[in-house]
Amino acid sequence: MELERHRSRATCVGTGALLGVCLTLGSMAQGAAPLATAPAQAGAQDDALAVPSLYQALAEYFPVGVAIAPNDITGPHAAVLKRHFNSIVAENDMKWARLRPSEAGFTFEPADSLVAFARANHMLVRGHTLVWHKQNPLWLFKDAGGNDMQPTPQNKALLLARLERHVREVVLHYRGDVYAWDVVNEVIDPSAPDGFRRSPWFLITGTDYIETAFRVAREAAPKAKLFINDYDTTDPVKRHYLYNLVRDLKGRGVPIDGVGHQMHSNIDCPSPSDLVETVNMFAALGVDNQITELDMSMYHTSTDSYSAIPGEALARQGFRYRDFFAAFRSLKGKISGVTFWGVADDHTWLSRFPIARLDVPLLFDKELRAKPAFWGIVDPQRLPALDGASIKARKGPSPGQ
């Protein structure tokens, strides 16, 4: 699979204190020596097909989705999908480079297979993503002469025309099947003076590409929910820029319906209280919120690695998932969907980024057995006990406070 994300999770930012203070860069021992507790032995009762259904356990609150690829819709993964999820999103197959590798036409077949699976199993479909600064075909940012685009009025008109055609044809193709679209993805850069990522889209069109994408998507599928999607939305600086953009778009009548919070998190950060604060901020603008790419790395630095994940770390992850979903439940009516970025630990982008290492960020292990992460959501009473130091570090207010 193509690498999905390129970012560091080295340090924690935020204002919440639910989990105590987040560890700083380098505070874990180099090599991340295993902690004391040994992993519990998983038995047949933990098989993903023998445990309670995840989406049914959360049916009162929101649909539960997962990012998938065509090889997930047959075999053991397909059985797990049917039991535990009632929404899907294409991990890569609806991105521009996959759908339209050449300007001549579209390649819908892989994404169509995912949509057909969802339709046959009565699942919702999220569309990801219509505009991103990565995974684009080489021809997209070439001018009429085949040269790299420069910021000229002619190139701006050409790029916006290409964008309009792409958005219109893709959204029309999936109209009636895709209920929500990540229209634009990762447009905020808090290090930029105005908060906008200096992508080719921005350098050629300014911010016009954002409004164009939303307006065309609404024309093509008036009933679909349209989202802006980004990571680190709990970071106060980034959140400020994103909030101002959403407020500006709404104020100008641009049809934006919600904010997607990716929530690529780790075993220490962000805190659930930061998430609650963030969702409440955007809900006050009158927009929907979804958790769109949830996973939880075992690491908070870009250099540490385990040779084997210790049981204590898996238990901590379970308690973290418990607290995240307590926060999600407390936001009932303000969060309309939660999507995990992968079915199980046998396929995760975090095994390759930021370095190649063992990482287990999801609810089911490589043998498709339920982990403490799963039980933290479905039945926290089944979580293993933590040692005294870990429990002390976890003291703090409830998510709603």
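Bear in mind that the values in this text are calculations on the coordinates, not laboratory data. Just so you know, these numbers come straight off a predicted model, no measurement behind them. We place every Cβ from the backbone using ideal geometry, glycine too, and count neighbours over all the protein chains shown.
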What's the longest piece of the chain with no exposed GluC sites (Glu not before Pro), counting a site as exposed if DSSP puts it in a loop and it has at most 15 other beta carbons within 10 Å? 104-366
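Using the number of other C-beta atoms within 10 angstrom as an exposure proxy, rank LEU314, LEU383 with the fewest first.
On the way: LEU314 22, LEU383 18.
Going from least to most buried by this count: LEU383, LEU314.
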Kindly provide log₁₀ I(q)/I(0) values, in the same order as q = 0.17, 0.22, 0.28 Å⁻¹, from the Debye equation applied to equal alpha-carbon scatterers of the stretch 143-206. -0.76, -0.98, -1.13
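Number of Lys-Lys pairs in the stretch 58-393 under 15 Å by Cα, sequence gap 8 or more or different chains? Intermediate results must be reported in sequence, preceding the final value.
Details: LYS95/LYS134; LYS142/LYS156; LYS225/LYS250; LYS225/LYS334.
Count of close lysine pairs: 4.
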Suppose we take every Cα in the chain and form the convex hull; what volume per residue is that in Å³? 135
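Can you give the local net charge around ASP345? Use residues other than it whose beta-carbon is closer than 12 angstrom to its beta-carbon, Lys and Arg +1, Asp and Glu -1. Don't jump to the answer; show the numbers that get you there.
Details: positive: LYS366, ARG369, LYS371; negative: ASP295, ASP346, ASP359, ASP365, GLU367.
Overall, the nearby charge balance is -2.
How do TRP132, TRP349, TRP201 rank when sorted from fewest to most other Cβ atoms within 10 Å of their own Cβ?
Working: TRP132 19, TRP349 22, TRP201 27.
Exposure proxy ranking, most exposed first: TRP132, TRP349, TRP201.
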With a point put 7 Å past each Cα toward its Cβ, work out how far ASN147 is from SER351 in nm, to one decimal. 4.5
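At 222 nm, what helix-only mean residue ellipticity would the chain give, in deg cm²/dmol to the nearest 500, using -39500 (n - 2.57) for each DSSP H run of four or more?
On the way: 12 runs with 131 residues, N = 401.
After summing the helix terms and dividing by the residues of the chain, the value is -10000 deg cm²/dmol.
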Centre separation in Å (Cα based) which lies between the stretch 228-269 and the stretch 276-323: 17
For the pair ALA78/LEU158, report the inter-label distance in nm, with labels modelled 7 Å from Cα in the Cβ direction. 4.4
